[in-house]
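J.: Sharing a structure, written as C-alpha cells. Questions coming.
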Amino acid sequence: MLTAGLAFRGPDAQEHWCEGAAGLGHAMLLTTDEARGERQPASLDGRVWITADARIDARDELAAELAARGRAAPGEASDAQLILHAYHAWGEDCVAHLIGDFAFAIWDAPRARLFCARDHFGVKPFFHARVGECVVFGNTLSSLRNHPAVSSALDELSMADFLLFEGFQDPAATAFRAIRRLPPAHCLVADRDGVRVRAYWTLPLDAQVRYRAPGDYVEHFTELLRVAVKDRLRATRIGVELSGGLDSTSVAATAKSVLIDAGRAFELNAFTVTFERLITDEEHPFTRMAAQALGIPLHGFAADRDGLYEGSDRPENWLPEPAHAPASAATLDSFRRAASLCRVMLTGWDGDTLFNESPKPYFRTLLAKGRWMRLAAGVVTYGLSQRRLVPLTVREWLAPRAPNDADLRAPYPAWIQPEVESRLGLRARWEAAGRESGPGHPVRPYAFRCLDLMLRQSNFFEYSDAGVTGVPLEHRHPLMDLRLQRYCLSLPPLPWCVKKEIVRRAMRGVLPEAVRRRPKSPRIGWPEMELLRRPESRWVDRFVPARELERFVDRSRIPTVCGEGDREARWRDLRPLSLDVWLRGLQPSGS
C-alpha cells in the first residue's frame, strides 16, 4: 500500500522487498543513464538492502576510494549500489564519502540495524515516524500518512510557526505531530537500543584559498562549475529554469557546453516564467537574448493569468504542508508543462548567497587587524572592479549602519489567538527568533546566514520535489554542489564574491555582454500585491475561516489586505488565508 502510494512520483516501476520484520519499497523515476535497468530495493549480498532516492556525484573519485578499501564498484553501478558499496566499506561513516543529492535507507540484517541519511543541504526529503516498536520512513510525507497507524493530528507548534514565520523553526518538525523530518546533513540509526539522529556535517567556517594569479581563481571556479553541472547531466532530456540573471544563464551556458563536449545526442530546453499583465517584466528580454545566443529553445509560461489562490481547490494542486504561496497552482502548472519535455530541471539557485557579499565586513576585519596595505589595496580593487568611488571618510563608510525604522522587526501579529499564544509560549518564541543570527563569519556573514537558514528550515528545497508537487520532475541545483560551495566560501570575498565578479569573469565571451554585465536588480512590482489592488480580490477580506483555523487565529483582528498599504504587513496578514486554504484541502488519514 505504501509503495503503491508513491507511483505518482515514481511512475516507471514500483517494487518492494520484505524479510522478517523489515520491509523496503521503491518507486522508480528514471533520471540518470545508470538507472536504466536498475531495480530497487537492491542488495549486493542478499543481507544488506537499500532503497534510495539519490544522485551520487564524483563517482570516479568514490570508486577510487572504494578500490583503495578493496571494493571494486563497476562503472555502470547505479547510485544506490554505490551507496551500498560505501556502506560495506565504511559503515555509518559512509556519509563522509558521499556527495550529491540523496535520501536513503539501508537495512543491515546481520546487525538488525536501520541506517538512513539525507544529503548536506536537504535537497532530497526524508521523513520518519514511530509506530509502536517499529519505524516507518520515506521521502514522501503523504506516503507516511497512508499508514493506518500514523496519526494525522496536526502539530500545533508547526501551525503557529507557519503563521508567525512562514516556516517551521524546528528543522525536524512537520505539519503533523506523529511525523518527523530528518534535517539536512543528518543520519538516523534505529536498532534494539532505539532511534538516534545525529549530524554528520556542518558548514565549514575557516577554509581559505589563496592564489598568486587572479586568473587562477577564475579557472578553478570554471572547472568546478563544469564538474557540478556535468554530474547533474546524466540524462538525455534536460531542462533549465532560465531567467535574465547571471546565475541561471551561466548554468545554461555551461550545460550546453558540457553536453556538446560529451559528443552524444541530447535535448536541452529552457523554461521561463513571464508576466504579461500585473508587473513590468524586465527579465524576459534578457532571458530571450541569452537563450538565442546559446541556441536553446525557450518555453515561456505566463504566471499572472490567474487570481489569488485560483486553482488551489483542485486536488492535484494541494500541497502536503502549508505554504504561503497564493500563486502555487500556476507554478505547479508550469512544472507539469516542463515535465512533458524532460525529467531533469537545472536551476541557478543560489548564486545570490554565494556571490553577492558586501565588501564591508572584509574591510572591517582588515581594519581591526591593522592590515593597512591590504585594506588600501582592497579599497582600490573594489573601486576599480565596481567602477565607483569609495568615500574618503573610509572609517565612516565601514562603520556598521545604525538600524532605522525599516530594519526593525515587524510587530507580533495581533490576530494570534491569546489561548494558543499563552499555551505554546509564542511571543517568547517570536522574540527569540528575532535574536537568532546563525553562525557568525567575519568576512562572509551574508552567505553563512543564508546557508544556515536553509539548513534550519529543512524543507527549503522540498517545494520543487516530486513528493510535494506531484510532478515527476527532478530539480537539480549545480550552484549548491558541495565542492563548489566549499570553494566559493573559501575565496577572498573581494573582488570575487562582490556583485558576482567571479561569475562575470568566468562568463566573459560565453554570455551576451548585456546579460554578463547586467547589474543585479530587484523585480519591479510584486504580483500578489498587484492582485490585491484589484476589485476581484476583495473576497480575501471576507473569507470565513475553517474551524481548525479558529484555534489559532482571531478572524476579527485580521486587518484589510486589499487595496493600498504596507506590502510587508499585507503579506503577513494574508498568511491566515493561506493556512485556511491548506486546511480545507486536508484529508484525514491514519488514526
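J.: Given a Förster distance of 35 Å, report the FRET efficiency between Ile260 and Ala72 from their Cβ-Cβ distance, rounded to the nearest 0.05.
T.: Approximately 0.60, to the nearest 0.05.
J.: Additional query: Using a basic spin-label model with each label point 7 Å from the Cα along Cα→Cβ, how many nm lie between Val544 and Ala414?
T.: 2.5
J.: Follow-up question, since we're still on this one. At what distance in nm do the modelled label points of Leu205 and Arg567 sit from each other, each positioned 7 Å from its Cα along Cα→Cβ?
T.: 3.6
J.: Between Arg212 and Glu156, with labels modelled 7 Å along Cα→Cβ, what's the label distance in nm to one decimal, could you check?
T.: With each label placed 7 Å out from Cα toward Cβ, I get 6.7 nm.
J.: Still on this model: How large is the charge dipole for the chain, taken about the Cα centre, if only the Cβ atoms of Lys, Arg (+1) and Asp, Glu (-1) carry charge, to the nearest 20 debye?
T.: 1680
J.: Going toward the positive end of the dipole of the chain, with +1 on Lys and Arg Cβ and -1 on Asp and Glu Cβ, which of Pro361, Gly138, Phe271 do you reach last?
T.: Pro361
J.: Here is a further query. For the peptides 25-32, 563-570, what is the packing order when you average, over each peptide's residues, the other Cβ atoms within 10 Å and list the highest mean first?
T.: For the peptides 25-32, 563-570, the packing ranking is 25-32, 563-570.
J.: Once you charge only the Cβ atoms, +1 for Lys and Arg and -1 for Asp and Glu, what is the size of the charge dipole of region 299-347 about its Cα centre, to the nearest 20 debye?
T.: Working: 5 positive and 7 negative charges, 58 e Å.
My answer is approximately 280 debye.
J.: Gain in length, Ala13 to Glu61, computed as 0.36 nm per residue apart minus the alpha-carbon separation, to one decimal in nm? The partial results should precede the final answer.
T.: Details: separation 48, 0.36 × 48 = 17.28 nm, distance 2.99 nm.
Going from the current span to full extension adds 14.3 nm.
J.: A further question follows. Which one of Ala86, Leu30, Thr202 has its Cα pushed farthest toward the positive end of the charge dipole of the chain, where Lys and Arg give +1 and Asp and Glu give -1 at the Cβ?
T.: Farthest towards the positive end: Thr202.
J.: Moving on. Which is farthest toward the positive dipole end of the chain among Pro184, Pro125, Gly5, measuring Cα position about the Cα centre, with Cβ charges +1 (Lys, Arg) and -1 (Asp, Glu)?
T.: Farthest along the dipole direction, towards plus: Pro184.
J.: Pick the calculated percent of Cα pairs over 35 Å apart for this structure from [x] 48; [y] 43; [z] 56?
T.: Looking at percent of Cα pairs over 35 Å apart for this model, the match is [y].
J.: Could I ask something else about it? Which order do peptides 221-228, 91-98 fall in by mean Cβ count within 10 Å, highest first?
T.: Result, highest mean Cβ count within 10 Å first: 221-228, 91-98.
J.: Quick one: which of 320-326, 207-213 comes out on top by average Cβ neighbours within 10 Å, and what's the full order, highest first?
T.: Going by the mean number of other Cβ atoms within 10 Å, highest first, we get 320-326, 207-213.
J.: What residues have an amide H closer than 5 Å to that of Leu154, excluding those fewer than 5 places away on the same chain, when H is modeled at 1.01 Å from N in the peptide plane?
T.: Arg177
J.: Which of the chymotrypsin sites (Phe, Trp or Tyr not before Pro) found in region 492-591 are in a DSSP loop and have at most 16 neighbouring Cβ atoms, other than their own, within 10 Å?
T.: Filter output for region 492-591: Phe543.
J.: Under a straight-distance cross-link criterion of Cα-Cα below 24 Å, which lysines are reachable from Lys124, leaving out those fewer than 8 residues away in the same chain?
T.: Counting by Cα, and skipping residues close in sequence, Lys124 has these lysines nearby: Lys230.
J.: Now a separate question. Contour minus end-to-end for Trp526 and Glu166, with contour as 0.36 nm per residue of separation and end-to-end as the Cα-Cα distance?
T.: Answer, rounded to one decimal: 127.8 nm.
J.: Using a simple charge model, +1 on the beta-carbon of Lys and Arg, -1 on the beta-carbon of Asp and Glu, nothing else, what dipole does region 551-591 show about its Cα centre, in debye to the nearest 20?
T.: My answer is approximately 160 debye.
J.: A further question on this structure: Any chance you could check the Cα centroid distance between region 178-257 and region 446-472 for me, in angstrom?
T.: Taking the Cα centre of each part, region 178-257 and region 446-472 sit 13 Å apart.
J.: Next up: Just to verify a number: FRET efficiency for Arg555 and Ala293, C-beta to C-beta distance, R0 = 56 Å, to 0.05?
T.: Working from the Cβ atoms, E equals 0.60.
J.: Say R0 is 35 Å: what FRET efficiency, to the nearest 0.05, do Ala96 and Glu431 get from their beta-carbon distance?
T.: 0.40
Laboratory data are not the source of any read-out in this text; all were calculated from the coordinates shown. Just so it is clear, the model here is predicted, and its values are computed rather than measured. Using ideal geometry, Cβ is built from the backbone for each residue, glycine included, and neighbour counts are taken over all protein chains shown.
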